[in-house]
Amino acid sequence: MNGLLVIDKPSEWTSHDVVGRSRRILNTRKIGHAGTLDPMATGVLVLGVGRATRLLGFISGSDKSYSATIRLGQSTITDDAEGEVIERALPEVVSDVKIASVLEGIALLTGDIDQVPSSVSAIKVDGQRAYAKVRAGDEVHLKPRRVHIREFTAGDHRFGDGYLDVDVEVVCSSGTYIRALARDLGNELGIGGHLTALRRSRVGPWTLSDAISLETFGSLENPQAALMPIEAAAARVFPTWTVTDDEAGFVRNGRRIDWSYTESAEPVVAMFDEAGTFLALAEQHGPTAKYLAVFV
């Protein structure tokens, strides 16, 4: 039982909850995920099962796409709707906000930016999760991280009683906090902001069209049928290199072979034998292939 499973995570479930449920459905412990989603968020959560868990570290670094709603005019302690509102802008100030100003703020948060993660993130500080320290009453100051926001666009907007909701689409690098984008956009406008809705629509090559609901997955007569075989998963993420049977024997034993692959400039390649068996992930190291992970 080796492969990838793409779940459309339901709201109010943690990523760990989804992993736990999937373990029970498949009756196996060896399952992990490629990138946490907040409990409030829904959408694409990529799980690895069996040997495919070794792919997750490579998949988690892929860029991601999100649909979100940002509420401007209110700040919360968690930078999302699950936290207590700690500051509200004056209603008349919010009602005067021009959409052109919102778009200018979005432009400033597009491209390479230094982003300070939310203080209630899962980042470890002195061996403890930041959110745990905050809940214990400690003050947490996280260092900014360089992230890349490839696309940040605004759609519909709605004025409410003392707030402005803006629907946005974001395409970003791994490690980006959409909650922090909401907070920073509100700060740019001087009225505060937080996230009220978040849906992840893509992780690398996997989109919502690949995802199955947890409810549907749990009701399948043969849930293993929902797994994408590890060979297909590797070929979907990486360029492929088919080696000879003699070379495959060396790869299986961890012995290096000459690097003769020229079909792609991507740094990591998925190696297959002539029968289509996924052997390893490799990168060029001088004249030879260096194995990042061997799967057989």
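The values are calculated or read from the model by the stated rules, or taken from the named source; none is laboratory data. Small disclaimer: the values here were computed from a predicted structure and weren't measured. No Cβ is skipped: glycine too gets one built from the backbone with ideal geometry, and neighbour counts run over all protein chains shown.
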Quick one: count up the residues across region 233-266 that are under 32 Å from the mean Cα position of the chain (by Cα) and within 25 Å of VAL49 (Cα to Cα).
13
When GLY218 is evaluated against the numbered criteria (1) in contact with a strand residue (DSSP E or B) (Cβ under 8 Å, 6 or more places away or on another chain); (2) within 30 Å of THR78 (Cβ to Cβ), which criterion, by number, is the only one it fails?
(1)
Expected single match for exposed (fewer than 15 other Cβ atoms within 10 Å of the Cβ), within 30 Å of ALA154 (Cα to Cα) and within 18 Å of the chain's Cα centre (by Cα) among SER62, SER11 is SER11
Flag if GLU169 is outside any strand (DSSP E or B), modelled with pLDDT of 95 or more and farther than 17 Å from GLU82 by Cβ
no
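One line per residue, one yes/no per condition, for (1) modelled with pLDDT under 95; (2) outside the structural domain of PHE217 (by TED's automatic domain parsing); (3) under 30 Å from ILE191 (Cβ atoms):
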residue	(1), (2), (3)
ARG21	no, no, no
ARG24	no, no, no
ALA34	yes, no, no
THR42	no, no, yes
LEU45	no, no, no
ILE70	no, yes, yes
GLN74	no, yes, yes
ARG88	no, yes, yes
ILE99	no, yes, yes
In the set SER213, SER201, SER209, which member is modelled with pLDDT of 95 or more and in contact with a helix residue (DSSP H, G or I) (Cβ under 6 Å, 6 or more places away or on another chain)?
SER201
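Taking LEU208 as the residue in question, decide whether it is assigned by TED's automatic domain parsing to the domain that holds ARG21 and exposed (fewer than 15 other Cβ atoms within 10 Å of the Cβ).
no
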Could you please find all residues in region 14-59 being part of a loop (DSSP other than H, G, I, E, B), of a type outside the set (Gly, Ala, Ser) and crowded, with 22+ Cβ neighbours inside 10 Å?
LEU37, ASP38
